[in-house]
1. Within the stretch 80-117, which residues are among the β-branched types (Val, Ile, Thr) and either outside any helix (DSSP H, G or I) or buried (at least 17 other Cβ atoms within 10 Å of the Cβ) (or both)?
2. Condition first: at pLDDT below 90 and either touching a helix residue (DSSP H, G or I) at 6+ places or on another chain (Cβ under 8 Å) or acidic (Asp, Glu) (or both). Now tell me which residues in the stretch 263-292 satisfy that.
3. Would a scan of the stretch 223-241 turn up a residue that is under 22 Å from Arg153 (Cβ atoms) and crowded, with 19+ Cβ neighbours inside 10 Å?
4. Restricting attention to the stretch 362-384, does a residue exist that is assigned to a helix (DSSP H, G or I), modelled with pLDDT of 90 or more, of a type in the set (S, T, N, Q) and surrounded by 23 or more Cβ atoms within 10 Å (Cβ to Cβ)?
5. Quick one: how many residues across the stretch 177-212 are within 26 Å of Arg361 (Cβ to Cβ), out of contact with any Gly (no Cβ under 9 Å at 6 or more places or on another chain) and open to solvent by less than 40 Å² (accessible area, probe 1.4 Å)?
6. Does Glu274 count as in contact with a Ser or Thr (Cβ under 7 Å, 6 or more places away or on another chain) and either within 30 Å of Leu367 (Cα to Cα) or surrounded by 12 or more Cβ atoms within 10 Å (Cβ to Cβ) (or both)?
7. Go through Gly72, Gly53, Gly66 for me and flag whichever is assigned to a loop (DSSP other than H, G, I, E, B), at pLDDT 90 or above and either over 26 Å from Ala224 (Cα atoms) or among the small types (Gly, Ala, Ser) (or both).
8. Please enumerate the residues belonging to the stretch 101-147 that are in contact with a strand residue (DSSP E or B) (Cβ under 6 Å, 6 or more places away or on another chain) and farther than 30 Å from Arg330 by Cα.
Amino acid sequence: MWVAAVDLPVSPGHPFYTRLNTILDEAGFDRFAEAECAAFYAPVMGRPSLPPGRYFRLLLIGYFEGIDSERGIAWRVADSLALRSFLGLDVDAAAPDHSTISRTRRLIDVETHRAVFTWAQERLVTAGLLKGQTVAIDATTLEANAAMRSIVRRDTGESYQQFLTRLAKASGVKTPTRAALARLDRRRKKRTSNKDWENPSDPDAKITKMKDGRTHLAHKAEHAVDLDTGALLAVTVQGADVGDTTSLIETAIMAAEQIEAASAAVGAPTALAEIVADRGYHSNQTMIDLHALRVRSYIAEPERGRRSWAKAPAAQAPVYGNRRRVRGVRGRRLMRRRGQYVERSFAHVYDTGGMRRTHLRGHENILKRLLVHAGAFNLGLLMRKAFGRGTPRGLQGCQGGPRWLDIALGLFIGGLWSLANRLPRVPPLVPRVMWCSTPIVSAC
């Protein structure tokens, strides 16, 4: 009645993850990850730990499968033979627990996660998929893992309900009801401010208005994208109340450092030369700073009417130069490309990647996960060039090979269409648009 584990049937594995594992193994990813994480592992024997290569592969699975939480990643791995093969787990081996994944993430610092992100960029430079000269910057909001009803006053520590009750009693209402508190709250202006309120479980989460109109605690994630290839160059996380003009310089500096680090490793130094952004990033100080750094700006200018430069004479020349470049043919082309590439990175990393609502608290923890997601996005570009598909979902609906009956039917219909068009004064026998149920050459 006993069967050896080696005699059990083995899954052939998912073709996408099999090819991705081949790329990672050829580039020595496991050796690189172990060298970077050596300081976080004890040399003595103890509780079995999670190998660095397996830990980062688990986070890659979270991106490619669109799983938002580490608990969900652990459940998915335990249920899939293909993902167990990607992680190098035997059939009889236990899948990593979500608490082990969380503990490993807390122990490994942000710089090590950034090193893995840089490693993925180096592979893009080698493949010619990263230039780094023209960079687009934009930001989006991430819903925080904190509730508005949990916010407290910074000065007194009162909850929102206690604060309203105190205001009602001060106004003469001895026993305020819930309806009376609601009426009092509606009459107040600027009811919630980040200067007065915070969430005790996640102080980094800030009160902001989401794109769908809801007021929620959120974080701000900012991307720097290569407009020549669509690769992600830098990812930063700030408070949702930080203005775009304030965070632009930080993200631009981070992008320049990442470009230098990725290109220097392969002996092809590249420097950031142009920055493209929307009108939310336009200000006099931004134009002055970019002009001082000798970086050409293509930042859309909001309508401000006729301007006076008496108070800011140093900004006049940079603003006029930026306005001239944006209105040119190249400027309009870069603006269209910015909307295409930056929004695509947001859709992949946050919407289909499962990070639009974070299950982590604190900017440091969120940035660790985002750096690995950004590295997975770049690996998707590499997979698209080598494999033809950048995500596992891209293989859905693909045929295993060409069906010769459909090919013959398509050629026959095409021949009839050509013959019908050559005959004089004879109506076409078939429609002019040729249709075939499957492509002649399969994409898979």
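1. Within the stretch 80-117, Val91, Thr100, Ile101, Thr104, Ile108, Thr112, Val116 meet the criteria.
2. Ser263, Ala265, Val266, Ala268, Pro269, Thr270, Ala271, Leu272
3. Yes, there is a match, as at least one residue in the stretch 223-241 is under 22 Å from Arg153 (Cβ atoms) and crowded, with 19+ Cβ neighbours inside 10 Å.
4. Scanning the stretch 362-384, I find at least one residue that is assigned to a helix (DSSP H, G or I), modelled with pLDDT of 90 or more, of a type in the set (S, T, N, Q) and surrounded by 23 or more Cβ atoms within 10 Å (Cβ to Cβ), so the answer is yes.
5. Of the residues in that region, 5 qualify.
6. yes
7. Just a single option satisfies the conditions, and that option is Gly66.
8. Selection gives Leu142, Glu143, Ala144, Ala146.
The values are calculated or read from the model by the stated rules, or taken from the named source; none is laboratory data. Computed from a predicted model, the values in this text were never measured in an experiment. Neighbour counts are summed over all protein chains in view; Cβ atoms, including those assigned to glycine, are modelled from backbone coordinates with ideal geometry. Ligands, DNA and RNA are excluded from the accessible area calculation, which covers all protein heavy atoms including side chains. Shrake-Rupley method; radii C 1.70, N 1.55, O 1.52, S 1.80 Å.
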